[in-house]
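Asker: Below is a structure I'd like to ask you about.
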Amino acid sequence: MVDFLDIGGFVDDTVTLPAIKDLPPDYQQTWNTPTIRLPIISESEPVDDRVPTVVVDDVHVVYRIATGATWDASPLAGLKRLVTKKKSVAMREVHAVKGVSFAAYQGEAIGLIGSNGSGKSTLLRAIAGLLPTARGKVYTQGQPSLLGVNAALLNDLTGERNVILGCLAMGMSLAEAKTRVQEIVEFSGINERGDFASLPMRTYSSGMSARLRFAIAAARKHDVLLIDEALATGDGTFRKRSEARVNQLREEAGTVFLVSHQLSTIRTTCERTLWLEAGVLRMDGPTKEVLAEYKKFTKTD
């Protein structure tokens, strides 16, 4: 049993994330200022001085899906239903993430594994703020950046133009973005078989597009970088470059989450792994131990 100490009377409404594994109950308001419950740690207990970058506290994500085969989800159809007061078709709820809790810290590379449909990508999107939580909270330091195979680039623009556009979207100045184009193109390797950087993105293979997306995202330091299967699309040479860049991002005091079905990539890149199964966090621990249990579960070598 851990005792807690209430601290109140802060003038600033900004709340610093507590460096503890489990987040205490919701902050209570006292005289319109936050009261934070901090654990009282005895002198004999070791103090964890790591800096948390992501705290996921009992997070549930629920999708609502229309069961009717003729359901029209367009804005015009929605307006028509409001005007005509037509009842919506039956909705079905899918509980994709169920009560997941963990804390991630600066300098960690965390793998995320699990069977198809286990909620890995859904959890990343919730951490990135792209999906609302039905229950629970996600606390982050800075703005997490989600990099996935389906990350949008403009197909009618050339690779070079997309590099500039991506750099501008990440906050770089136009002058800085232009100086980084050649470096990013070389890292992606899209010019290894010709001058593809000057061609529209629609002429690229899915692997080339994914490599360029990763190269753009990796050109900037991130507080929290979320990678969803983006490293599985390249060849061995590109994967080695990507893994080296992930390690570099960690050394720059960032936190990296990596979703991949390639366990070898998780093993070489991440020292900690989360195993999700059917939306439930089944195991959280050192990568070697988690992968061993996961292989037993899936009966794979």
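Asker: Suppose R0 equals 41 Å; then what is the FRET efficiency for Thr84 and His60 from their Cβ-Cβ distance, rounded to the nearest 0.05? Walk me through the intermediate numbers first.
Answerer: Working: r = 34 Å, r/R0 = 0.83.
Rounded to the nearest 0.05, the efficiency is 0.75.
Asker: Follow-up. For region 150-184, which trypsin sites (Lys or Arg not before Pro) are in a loop by DSSP, counting at most 14 other Cβ atoms within 10 Å?
Answerer: Answer by residue number: there is no such site.
Asker: Report the gain in length on full extension from Lys288 to Glu176: 0.36 nm times residue separation, minus Cα-Cα distance, nm rounded to one decimal. Working shown, then result.
Answerer: Details: separation 112, 0.36 × 112 = 40.32 nm, distance 4.04 nm.
So the extension gain works out to 36.3 nm.
Asker: Tell me whether region 121-230 comes out rounded, prolate or oblate; compute the Cα gyration tensor, take square roots of the eigenvalues as a ≥ b ≥ c, and use a/c under 1.5 as the rounded threshold. Let's see the in-between values first.
Answerer: Values: a/c = 2.55, a/b = 1.75, b/c = 1.46.
Prolate.
Asker: Only Cα pairs under 8 Å and at least 6 apart count here; give the relative contact order of region 93-174 as a rounded whole percent.
Answerer: Relative contact order of region 93-174: 18 percent.
Asker: Multiply the residue separation of Val280 and Glu183 by 0.36 nm, subtract the distance between their alpha-carbon atoms, and state the gained length in nm to one decimal.
Answerer: Details: separation 97, 0.36 × 97 = 34.92 nm, distance 4.06 nm.
Using 0.36 nm per residue and subtracting the Cα-Cα distance, I get 30.9 nm.
Asker: Within 13 Å, Cβ to Cβ, of Asn162, how many net charges do the neighbouring residues add up to if Lys/Arg are +1 and Asp/Glu are -1?
Answerer: Details: positive: Arg161, Arg180, Arg202, Arg211, Arg213; negative: Asp156, Glu160.
With Lys, Arg at +1 and Asp, Glu at -1, the net is +3.
Asker: Give me the net charge of Glu183's neighbourhood, meaning all other residues with Cβ under 13 Å from the Cβ of Glu183; Lys, Arg count +1, Asp, Glu -1. Walk me through the numbers before you get to the answer.
Answerer: On the way: positive: Lys178, Arg180, Arg220, Arg241, Arg245; negative: Glu160, Glu176, Glu186.
Its environment carries a net charge of +2.
Asker: For Gln106 and Lys295, compute 0.36 nm times the residue count separating them, minus their Cα-Cα distance, and round to one decimal in nm. If you can, show how the numbers build up before the last one.
Answerer: Working: separation 189, 0.36 × 189 = 68.04 nm, distance 2.83 nm.
Extra length from Gln106 to Lys295 when fully extended: 65.2 nm.
Asker: Spin-label point model (7 Å from Cα, Cβ direction): what's the Asn155 to Ser198 distance in nm?
Answerer: 2.4 nm
Asker: Which entries of Lys120/Lys221; Lys120/Lys295; Lys240/Lys295 show an alpha-carbon separation above 19 angstrom in the structure shown?
Answerer: Working: Lys120/Lys221 23 Å; Lys120/Lys295 17 Å; Lys240/Lys295 24 Å.
Exceeds cut-off: Lys120/Lys221; Lys240/Lys295.
Asker: A further question follows. Leu274's amide H: which non-local residues (gap 5+, or another chain) put their own amide H closer than 5 Å, with H modeled 1.01 Å from N in plane and none for Pro or chain starts?
Answerer: Gly111, Leu112, Ile113
Asker: Could you grab the relative contact order for region 235-287? Cα pairs under 8 Å, six or more apart, rounded to a whole percent. Spell out each step's value before the answer.
Answerer: Details: 36 pairs, mean separation 12.5, N = 53.
Computed value for region 235-287: 24 percent relative contact order.
Asker: If packing is taken as the average number of other Cβ atoms within 10 Å across a peptide's residues, how do 286-299, 124-137, 256-269 rank, most packed first? Kindly include the intermediate steps, with their values, before the conclusion.
Answerer: Values: 286-299: 13.9, 124-137: 16.8, 256-269: 19.3.
Ranking the peptides 286-299, 124-137, 256-269 by packing returns 256-269, 124-137, 286-299.
The numbers here are math on the coordinates, done by the rules we state, and not lab data. It should be emphasised that the depicted structure is a prediction, and the values quoted were computed from it without experimental measurement. In this analysis, Cβ positions are derived from the backbone assuming ideal geometry, glycine residues included, and neighbour counts consider all displayed protein chains.
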